[in-house]
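A.B. asks: Following this message is one structure expressed as structure tokens.
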């Protein structure tokens, strides 16, 4: 059984290509608990899936347009995801 969560607001700060970004994200996803059985081949570790949307953002203190936020997410998805993981705890 998975646990669903959605519309969790996350604020992140990151630097990409010498520009400082402050982003407000909306995150949603599922948590999947570990499955432990007598047979290790049938066991599964805990896992999760997450999606995010940039709700608003600033680059070097200036507001970003929707198009700029979409381009940033498309071009630097891995970097944004890594920042979410680092700054969410």
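A.B. asks: Rounded to the nearest 500, what is the chain's calculated 222 nm mean residue ellipticity when only DSSP H runs of at least 4 contribute -39500 (n - 2.57) each, over all residues? Working shown, then result.
C.D. replies: Values: 2 runs with 21 residues, N = 89.
Value at 222 nm, helices only, nearest 500: -7000 deg cm²/dmol.
A.B. asks: Let me ask something else about it. Quick one: grab Rg to one decimal and Dmax as a whole number for the stretch 7-48, Cα atoms only, in Å.
C.D. replies: Here Rg and the maximum Cα pair distance are 17.8, 51 Å.
A.B. asks: Still on this structure: Say we join alpha carbon atoms closer than 10 Å with springs in a Gaussian network model of the chain; which of 45, 63, 33 then has the biggest fluctuation?
C.D. replies: 45
A.B. asks: Roughly what angle does helix 66-75 make with the longest principal axis of the chain, taking Cα atoms, 0 to 90 degrees, to the nearest 10?
C.D. replies: Relative to the chain, helix 66-75 is tipped by roughly 50 degrees.
A.B. asks: Using the alpha-carbon atoms, what tilt in degrees (0 to 90, nearest 10) does helix 77-87 show relative to the longest principal axis of the chain?
C.D. replies: Between helix and principal axis, roughly 70 degrees.
A.B. asks: Determine the equivalent ellipsoid of the stretch 6-89 by diagonalising the alpha-carbon gyration tensor, then write out the semi-axes as square roots of 5 times the eigenvalues, largest first, rounded to whole Å.
C.D. replies: Working: eigenvalues 216, 30, 22 Å².
So the equivalent ellipsoid measures 33, 12, 10 Å along its semi-axes.
Every read-out reported here was derived from the displayed coordinates using simple, explicitly stated rules and does not represent laboratory data. None of these values were measured; they are calculated from a predicted model.
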